Structures are given as structure tokens and as C-alpha cells.
1. Per residue, how big is the convex hull of region 1-152 when only Cα atoms are used? Give it in Å³.
2. In terms of modelled amide H atoms, which long-range or inter-chain residues lie less than 5 Å from the amide H of Cys293?
3. Over what distance in Å are the Cα centres of region 237-310 and region 46-74 separated?
4. Relative to the compact globular guide of 2.2 N^0.38 Å, what is the alpha carbon radius of gyration of region 159-281, as a ratio?
5. Put +1 on the Cβ of each Lys and Arg and -1 on the Cβ of each Asp and Glu in the chain; which of Val118, Cys306, Leu178 then has its Cα farthest toward the positive end of the dipole?
6. Counting only residues 5 or more places away or on other chains, whose amide H sits under 5 Å from the amide H of Val117 once H atoms are built in the peptide plane?
7. For Glu160, Glu256, which order do you get if you count the other beta carbons within 10 Å of each Cβ and list the fewest first?
8. Roughly what would the spin-label model give for Glu256 and Leu97, points 7 Å off Cα along C-beta, in nm?
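Please treat every number below as a calculation from the coordinates, not as lab data. Everything numeric in this text was worked out from a predicted model, so none of it was measured. Counting neighbours? That spans all protein chains shown, and the Cβs are built from the backbone with ideal geometry, glycine included.
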Amino acid sequence: MRCRTCGAPAAINMRQHKLSLCAEHFQPWIIKQTARVIRKYRMFTREQRILVAVSGGKDSLALWDVLLKLGYRADGLYIDLGIGSMETAATPAPYSLRSREKAETFAKAHSGTVLHVVDVAATYGESVAEISHRKRRTDSPCSICGLIKRHEMNRVALEEDYDVLATGHNLDDEAAVLFGNVLHWQVGYLRRQGPVLVADGEGLARKVKPFCRFYERETAAYTLIAGIDYIYEECPFATGATSLAHKETLLKMEHETPGTKLHFYVNFLRAKEEGLITTNLDIPPELHQCPKCRQPTMSDAHCRFCRLWE
Ligand code: Q46
Ligand code: ZN
Ligand code: ZN
């Protein structure tokens with residue numbers, strides 16, 4: 001395989017685009033494609049302040065890097081969830097500690113950027129691991145973790161006056177979620193799924209996913225070529241998650257027919273634009289303000305996040 005631009009040996013072959021590129025030409029390709037996606041879906045402008053949710057993993061750090069290279073005003077937010085249980089000789093520190101170090105190292109190397117850190121256990125008294133243990137009969141660790149992350153991302157974005165919150169979700173993530181939503185015909189979720197989640201209520205931040213059209217192997221290749229150090233291990237709670245099973249199924253289909261994932265996702269977005277989902281669900285749910293944290297909630301008492309700690 002040869003680079004389409006210069007003819008040197010290719011570093012990556014993207015079969016869905018029928019495109020091979022060397023390391024030198026792959027990096028600008030990723031940056032240019034990200035800029036296109038930002039423009040296409042009108043995610044944000046040069047003047048706006050962006051908060052990137054960084055986990056210490058490849059996607060979010062690559063996204064932060066690309067946004068900075070594109071000249072955007074992008075800061076980071078790391079939420080220390082207090083997830084451990086990986087203390088082996090090869091991985092001496094717990095998962096959250098190690099991923100936090102990666103985010104902090106990246107921030108230090110990029111002067112002028114700010115990394116906001118929220119330590120969940122120090123702020124609220126319990127880590128995700130501890131709450132998950134306490135609530136093991138009723139809730140999965142990922143549902144608790146997701147709830148906390150959504151709440152804290154929204155809180156910091158609003159409190160620190162950011163215009164938009166960017167996450168590193170890639171095409172593999174988005175296609176797997178879409179697959180799950182279609183399998184169960186979750187119309188409400190399908191209606192909201194997309195590269196931009198508009199702030200459709202007071203107290204809600206706008207959310208965007210500028211990497212939603214990149215395969216996971218492309219963001220991995222980008223971090224490698226750009227020399228970004230990230231945490232390789234998956235979260236210990238990730239094993240057995242349904243989304244992983246969906247990812248594997250899609251991977252098999254992709255292997256047989258390159259481009260399956262991309263077409264599945266992109267054609268879904270197009271079908272939605274053409275009116276695939278037009279239901280009376282378009283009436284936004286009635287939101288109240290949580291009396292404790294002041295964030296919007298559908299409940300007329302404390303929100304789900306605040307009830308977690310009660
Ligand atoms: S961090 Fe949290 Fe993920 Fe770990 S506990 Fe589940 S949701 S798997 S992206
Ligand atoms: Zn080249
Ligand atoms: Zn609340």
C-alpha cells in the first residue's frame with residue numbers, strides 16, 4: 001500500500017474511503033476532516049469557548065489536540081471517577097489515577113490551555129466504584145458513571161461559561177449506540193442521537209462530537225503519529241458492556257463490507273434530516289429545576305444525580 005499523496009509506504013489504509021496515507025499525510029487529513037465536520041454540522045465558531053471532556057484515552061486527547069491545532073479556544077475537563085482495581089505489576093496505579101496523569105501531562109505540554117479536574121469522591125464523598133458497590137442490586141456501574149459524567153460535564157460547562165461541550169465519541173461508538181437503539185426501536189434516543197445535541201432547555205449545555213465520522217483505528221493512529229501518550233487499558237467496568245458486543249458485531253460486518261459502519265451512521269443522519277422520525281415526541285419534555293443542584297430534571301423533586309447521594 002502506498003500513500004495516495006506522495007507514494008511513500010502507507011501508514012494506514014482506510015478501506016471505507018479507498019484511501020491510503022503515510023504518517024506525514026495522514027495527520028493533516030484528520031485535521032482537515034475534523035474541520036469539515038465542525039463546519040458541516042455547525043458545531044461551533046472561532047470565537048466560542050470549547051470544553052473538551054477528556055478521559056485520558058486516545059479519542060478525547062486526540063480531539064483536544066486537533067482542536068488546538070485548528071486554533072480553537074479549547075480547554076479540558078477531566079472527571080476523576082475513582083475507578084481502580086487494576087493494581088498489577090504492569091499497571092501499578094488504579095485506572096482513574098493513571099488516566100488522570102495522561103490528561104494532566106497533555107495539558108502541561110500545551111501552555112495556555114486549562115484542565116479542569118473534578119474529583120468525584122472528594123467533591124461528593126464517594127467514588128463511582130463505591131456507589132456502584134452500594135447500588136449493585138439496582139444499577140450498573142456504567143449507568144451510575146454515565147449519570148455522574150453527564151451531570152458534571154454540564155455543570156462545569158455552565159459554571160465556567162463555555163459555549164459548547166465536545167466529546168471524543170468516534171464512529172465505532174456512535175454506530176454501536178445506533179445499533180442498540182435500532183434493535184430496541186428506542187425512538188426517543190434515536191431522535192436525539194447525532195453529532196450535535198442542542199441545549200433544548202435552560203441549564204443544559206450544547207454538546208458536539210467532532211470525531212463522529214472517524215473509525216477508532218484512525219483516532220488511535222492519529223495519537224500514535226502525533227506522539228500523544230494515552231491510557232491503553234479499557235475501564236475495568238467496560239468488559240461485558242452491551243455496547244462492546246454491538247461493536248464486535250459491527251466489526252464483523254465491516255470486515256465483510258468495508259464502509260458498513262460509516263454508511264449505517266451517515267445514512268441514518270440523512271434519513272433523519274429527510275423526516276425519518278417525526279413523532280409527537282418533538283414536544284420537549286417538561287423540565288423542572290432540581291432544588292438542590294439547580295440542573296434541569298424531569299422529576300419534580302431532586303434530580304437523579306442528587307438522589308444518588310441520598
Ligand atoms: S468509564 Fe464509566 Fe465507561 Fe467505565 S464505568 Fe462504564 S461508563 S466503562 S465510557
Ligand atoms: Zn504521503
Ligand atoms: Zn440535582
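1. Values: hull volume 27.7 nm³, N = 152.
Spread over its residues, the Cα hull of region 1-152 gives 182 Å³ apiece.
2. Cys303
3. Spelled out, the Cα-based centre of one part sits 22 Å from the other.
4. Working: Rg = 16.0 Å, N = 123, 2.2 N^0.38 = 13.7 Å.
For region 159-281, the normalised Cα radius of gyration is 1.17.
5. The one lying farthest along the dipole's positive direction is Leu178.
6. Residues meeting the amide H criterion: Tyr78.
7. With the fewest neighbours first, Glu160, Glu256 line up as Glu256, Glu160.
8. Between Glu256 and Leu97, the label points sit 4.6 nm apart.
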